[in-house]
Amino acid sequence: MVIPAEDGNRAPALRGEDLDAVSRETPDHRRIGSRWDAAHARRAGSQTLRRVQREVYGDDYFEDVVPNSFYHATLSDLKRVARELRTSPRHILVDLGCGSGAPAVWVIRETCARVIGVDLSGVGLEQARERARAWGVQERARVVKSDLCALGLKDASCDGAMSLDAIDVIPRAADRTAAIREAARVLKPGGRMVLATWEQDRLSPTIGPPRDPVSDYRPMLLEAGFEVETYIESPDWKPRDRLVNERILQAELRDELDADSAEALLRVARISLDSLESRRRVVAVAVRPI
Ligand SMILES: C[S@@+](CC[C@H](N)C(=O)[O-])C[C@H]1O[C@@H](n2cnc3c(N)ncnc32)[C@H](O)[C@@H]1O
């Protein structure tokens, strides 16, 4: 059930004891974090990206969220997350790979639940904190610097989980399995997870370390103990992705970003277009059995 935003005051604040996350930062974590720090910073600095996403997404662009702050999520995706998680104001959600927090903040504003955002990017987490403050939901949002593969949250401490376009960026498939197992571990029995991720049929270039291709996430979800309630290709992802990347390539990014940032965005756009036929965005709703 989606509870209207004006009922937000009924949701209790998140307290320290709800969190209990241990963040032991390793050199690997710092490497991952700083790569994504750069990605979040360059997206936030690009008006072009904002314009392109708004033009291509049309009514499905979530305009009220600070622009460029999200990757592929549409308004329909967020409504699906809010609906499928079946939250109540007392519920604690976890957003796995929350980035700059736009999807999580939108979802708790709509549902009045509380959220713990987990990510390794300090820049992303700071943007998420700032966004929660700007939207007046800071009492119900906490962010934690932690690895998705070892969350540091207590067993069965969350009522729901969401993860948008984050699991697939973990380079090794075995670590993605570990991350999905972690999601199952921290969910209460009956807890629901909405996962948007990218299937990939073959290895493609990336701007970071190579990512093992995973062509179907259902075996990982089942192996982690989830029941897979829904597993669908994300509607319209392909024409949208094609148009966004074509327009990024035509845009004058070098006028607004430093040369390295512009080149990184252009390179992602080229790689995305080249791999369009060998990847798919999928959305799964998975449930931890009672
Ligand atoms: C493509 S962004 C998506 C961010 C956000 N979910 C959104 O839709 O805007 C992927 C995020 O995953 C985070 N990430 C990557 N590997 C991670 C790991 N091992 N542990 C925690 N976060 C990770 C990155 O820092 C980045 O913020």
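Read the figures in this text as sums done on the coordinates, not as results from a lab. The shown structure was predicted, so the numbers you read here are calculated from the model rather than taken from an experiment. FYI the Cβ positions are ideal-geometry reconstructions off the backbone, even for glycines, and counts take in every protein chain you see.
Once you have the Kirkwood Rh of the range 183-254 from its Cα pairs, apply Stokes-Einstein at 10 °C and 1.306 mPa s and quote D in µm²/s. Show your work: numbers first, answer last.
Working: Rh = 15.3 Å.
Once the numbers are plugged in, D ends up at 104 µm²/s.
In the P(r) worked out for the range 91-132, what percent of Cα pairs fall beyond 10 Å?
Result: 65 percent of Cα pairs exceed 10 Å.
Student exercise: in the chain, how many lysine pairs 8 or more apart or on different chains have Cα atoms under 23 Å apart? Each step should come with its number before you reach the end.
Details: Lys79/Lys188; Lys79/Lys238; Lys145/Lys154; Lys145/Lys188; Lys154/Lys188.
The number of close lysine pairs in the chain is 5.
Report the extension gain between Tyr231 and Leu276 in nm, rounded to one decimal, defined as 0.36 nm multiplied by the number of residues separating them, less their alpha carbon distance.
14.2 nm
For the residue pair Glu223 and Leu203, what label-to-label distance in nm results when each label sits 7 Å from Cα along the Cα-to-beta-carbon direction?
If labels sit at Glu223 and Leu203, their model points lie 1.9 nm apart.
Given the -39500 (n - 2.57) contribution per DSSP H run of 4+ residues, what per-residue ellipticity at 222 nm results for the chain, rounded to the nearest 500 deg cm²/dmol? Could you put the intermediate results ahead of the total?
Numbers: 10 runs with 116 residues, N = 290.
Mean residue ellipticity, 222 nm, calculated: -12500 deg cm²/dmol.
Put +1 on the Cβ of each Lys and Arg and -1 on the Cβ of each Asp and Glu in the range 20-287; which of Leu85, Ala178, Tyr57 then has its Cα farthest toward the positive end of the dipole?
Most positive-ward Cα: Leu85.
From the backbone phi of the range 177-184, what are the Karplus-calculated ³J(HN,Hα) couplings (6.51 cos²θ - 1.76 cosθ + 1.60, θ = phi - 60°) in whole Hz, Gly and Pro given as x?
4, 4, 5, 5, 4, 4, 4, 5
Relative contact order of the chain: what whole-number percent is it, with Cα pairs under 8 angstrom and at least 6 residues apart? List each step's numbers first, then the result.
Working: 566 pairs, mean separation 57.6, N = 290.
That works out to 20 percent.
Label Cys149 and Arg83 with points 7 Å out from Cα along Cα→Cβ: what is the distance between them in nm?
The modelled label-to-label distance comes out at 3.6 nm.
If you bin the C-alpha pair distances of the range 229-290 every 5 Å from 0, what whole percents do you get?
Binned Cα distances yield the sequence 4, 16, 20, 17, 12, 11, 8, 6, 4, 2, 1.
Can you give the log10 of the normalised intensity I(q)/I(0) at q = 0.07, 0.09, 0.14, 0.16 Å⁻¹, computed with Debye over equal Cα scatterers of the chain?
So the normalised log intensities work out to -0.23, -0.39, -1.02, -1.38.
Net charge near Asp60: determine it from the other residues with C-beta under 12 Å of the C-beta of Asp60, scoring Lys and Arg +1 and Asp and Glu -1. Walk me through the numbers on the way to the answer.
On the way: positive: Arg54, Lys79, Arg80, Arg240; negative: Glu55, Asp59, Glu63, Asp77, Asp236.
So the environment of Asp60 carries a net charge of -1.
Along the Cα→Cβ direction, 7 angstrom out, place labels at Ala38 and Arg172. What is the inter-label distance in nm?
With each label point 7 Å from Cα toward Cβ, the separation is 2.3 nm.
Take the chain, mark every one of the trypsin sites (Lys or Arg not before Pro) that falls in a DSSP loop and has at most 10 other Cβ within 10 Å, then report the longest stretch left between them, sites excluded. Don't skip to the answer; put the middle values down first.
Details: sites that count: Arg15, Arg24, Arg202.
After excluding every exposed loop site, the longest remaining stretch is 25-201.
Indicate the gyration tensor shape class of the range 57-191 (rounded, prolate or oblate), computed on the Cα atoms with a ≥ b ≥ c the square roots of the eigenvalues: a/c under 1.5 is rounded; otherwise a/b larger than b/c is prolate and the rest oblate. The partial results should precede the final answer.
Numbers: a/c = 1.45, a/b = 1.25, b/c = 1.16.
It is rounded, given that a/c, with a ≥ b ≥ c, falls under 1.5.
Which of the three applies to the range 167-290, rounded, prolate or oblate, going by the alpha-carbon gyration tensor with a ≥ b ≥ c and a/c under 1.5 meaning rounded? Walk me through the intermediate numbers first.
Values: a/c = 2.40, a/b = 2.12, b/c = 1.13.
Verdict is prolate for the range 167-290.
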